[in-house]
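Report on the structure given below.
Computed from the coordinates by the stated procedures, all read-outs in this text should not be read as laboratory data. None of these values were measured; they are calculated from a predicted model. So basically every Cβ, Gly included, is an ideal-geometry build from the backbone, and we count neighbours across all protein chains shown.
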Amino acid sequence: MDFDFTEEQLLLRESARKFLEKEIKPAAVAYGDARIPREMFPELFRKLRPFSYMGETDDLITAALLSEELARVFPALEGIMMINSACARYIQAGPHDLRERALPALLAGEKIGCVAITEPNVGSNPAAIETRAVADGDDYVINGRKTWISNGELSDYAIVICQTDPAKGKEGICPIIVERERSAYEARDLPKLGLKAFATSELVFTDCRVPRENRLGGRRGAAGAGLKALLQGFQWARCRVALMALGIAQAAFEAAVDYARQRRQFGKPIGAFQLIQDMVTGMATEIDAARLLTYRAVHLVKKGLRCDRETSMAKAYATEMAVRTTSRAVQIHGAYGLSPEYLVERYFRDARTLTIPDGTTEIQKLIIGRSVLGLSAFR
Ligand SMILES: Cc1cc2nc3c(=O)[nH]c(=O)nc-3n(C[C@H](O)[C@H](O)[C@H](O)COP(=O)(O)OP(=O)(O)OC[C@H]3O[C@@H](n4cnc5c(N)ncnc54)[C@H](O)[C@@H]3O)c2cc1C
């Protein structure tokens, strides 16, 4: 594995950093803890278009560098782009006319997508999905409830993971594209601790009729292939959550270093005290360790190799690291670290949310344990 980024990647990262500071940071400051108004999305997406946040590039290393940079400035917006691009990837495999109308609008931020797996009774074990899709003539009729769905309330398209045949167990699970304008569903906002600008919602499907061809894999396509594709999709999603954690940790680290240089107690900058230096060096070392694990995982995903062990290591380590790092940044700021006037307060809350989605830390550990021991905790 080559540890060097190319000259081109480094230049792009530098220009992205400058651009994001100037063009996106004002929105992060204004909407850090509030929902971004819907009408602002096309403008934000237009600004971000050159940086391929909607998956326009196959160079995943460059995509990773840019995701980390956006998360450093506005992690909730990186979350919105991440989910929108995941929805677009599913739609790419959908029926032609749906693709034609949905993809340009999703890329432009005129429409927003979500991916709905979690349910009130189904969190860490997606094989137990209860939302039912029943074939009826040319349609599927969907009934069920999804929860904690990112972008849910804003969404125009939902990729809904449904059970089509309970007798087949996980073989009956498949994604179905639901177009809200034609197949209405309800959405309700669920407030949470961090990443508040990034909506998480409950979705309710009541006799929701969707053309059969919207089932991914098509009319005769293999159900169950859906669950497999879903689990494979987690590899990139876990990298992207790890990158989001890295961006937040990096921002908190930079704020802590600045503060430790400026804040004086006992006649010295607090950064001159060994106990503060211990916190700063711990932050720097752990951020580096998480970055190495994450870019190794991205490199393996880019090569198309199975890498659930490495992506789980990256996701678990980077998100737990971000919790420790942002907590130390709060500590270094003293009481000011607890004030919403200082960004570290928000970084801490944002980082805390990331150990849960796309597989909790415990689930990542069980995946790593299965790979190390050859023994699965899941069955
Ligand atoms: C910010 C955010 C965004 C999200 N976005 C989406 C989204 O877009 N789409 C979507 O479908 N879902 C989304 N989710 C939901 C997320 O995927 C689930 O919250 C997650 O899978 C965990 O499910 P749960 O919350 O029901 O916890 P549970 O599965 O009920 O787990 C509760 C606790 O038990 C632990 N646990 C569970 N099983 C085991 C086990 N076998 N061994 C040891 N410990 C175990 C867990 O680690 C956790 O600590 C999001 C969540 C958050 C916080």
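Explain nothing, just the number: dipole magnitude of the stretch 94-220 about its Cα centre with +1 on each Lys and Arg Cβ and -1 on each Asp and Glu Cβ, in debye rounded to the nearest 20.
Result for the stretch 94-220 is approximately 300 debye, rounded to the nearest 20.
Per DSSP helix of 4 or more residues, -39500 (n - 2.57); summed, then divided by the residues of the chain. What does that give at 222 nm, rounded to the nearest 500?
-17000 deg cm²/dmol
For K22, K315, what ranking results if the residue with the fewest other Cβ atoms within 10 Å of its Cβ goes first?
Placing the least packed residue first, the sequence is K22, K315.
Which pairs in the list K22/K47; K111/K146; K170/K192; K25/K302; K47/K303; K25/K47 are over 22 Å apart, alpha-carbon to alpha-carbon?
Distance filter (> 22 Å) returns K170/K192; K25/K302; K47/K303.
Tally Lys and Arg at +1 and Asp and Glu at -1 over the other residues with C-beta under 12 Å from the C-beta of R132: what net charge comes out? Working shown, then result.
Values: positive: R145; negative: E119, E130, D136, D165, D207.
Cβ neighbours under 12 Å give a net charge of -4.
With a cut-off of 8 Å between alpha carbons and a minimum separation of six or more residues, what is the relative contact order of the chain in percent?
16 percent
Provide the net charge surrounding V280, with neighbours chosen by a C-beta distance below 14 Å and charges set as Lys +1, Arg +1, Asp -1, Glu -1.
-1
Could you state the angle between the C-alpha long axis of helix 96-107 and the longest principal axis of the C-alpha atoms of the chain, as a value from 0 to 90 degrees rounded to the nearest 10?
Its long axis makes an angle of about 20 degrees.
Using a/c under 1.5 as the rounded threshold, could you call the stretch 103-225 rounded, prolate or oblate? The axes a ≥ b ≥ c are square roots of the C-alpha gyration tensor eigenvalues, and prolate needs a/b larger than b/c, oblate otherwise.
oblate
Based only on other Cβ atoms within 10 Å, what is the fewest-to-most ordering of V372, V141, V210, V115?
V372, V141, V210, V115
Give the angle, between 0 and 90 degrees and rounded to the nearest 10, that separates the Cα long axis of helix 308-332 from the longest principal axis of the Cα atoms of the chain.
Taking the Cα atoms of the chain, the angle to 308-332 is about 40 degrees.
Can you bin the stretch 7-107 into rounded, prolate or oblate? Criterion: square roots of the alpha carbon gyration tensor eigenvalues sorted a ≥ b ≥ c, rounded for a/c under 1.5, prolate for a/b above b/c, oblate for the rest.
Since a/c reaches 1.5 but b/c is at least a/b, the shape of the stretch 7-107 is classed as oblate.
Give the lysines whose C-alpha is closer than 16 Å to that of K168, dropping any in the same chain fewer than 8 places away, or say none.
Those lysines meeting the cut-off are K228.
May I ask you to list the chymotrypsin sites (Phe, Trp or Tyr not before Pro) in the stretch 277-379 that are in a DSSP loop and have at most 11 other Cβ atoms within 10 Å of their Cβ?
F378
In terms of the Cα gyration tensor, with a ≥ b ≥ c the square roots of its eigenvalues, is the chain rounded because a/c is under 1.5, prolate because a/b exceeds b/c, or oblate?
It is prolate, given that a/c is not under 1.5 and a/b is the larger ratio.
Give a quick list of GluC sites (Glu not before Pro) in the stretch 313-354 that DSSP marks as loop, anything other than H, G, I, E or B, with at most 11 other Cβ atoms within 10 Å.
Taking the stretch 313-354 and a limit of 11 other Cβ atoms within 10 Å, the loop GluC sites (Glu not before Pro) found are E341.
Pairing the Cα long axis of helix 7-23 with the longest principal axis of the chain, what angle in degrees results, from 0 to 90 and rounded to the nearest 10?
Approximately 90 degrees, to the nearest ten.
Counting only C-alpha contacts under 8 Å and six or more residues apart, can you give the relative contact order of the stretch 7-107 as a whole percent?
After rounding, I find 30 percent.
About its Cα centre, what dipole magnitude does the stretch 1-137 give when the only charges are +1 on Lys and Arg Cβ and -1 on Asp and Glu Cβ, stated in debye to the nearest 20?
I would put it at about 500 debye.
Dipole size in debye (nearest 20) for the chain around its Cα centre, Lys and Arg Cβ +1, Asp and Glu Cβ -1?
Computed charge dipole of the chain: roughly 600 debye.
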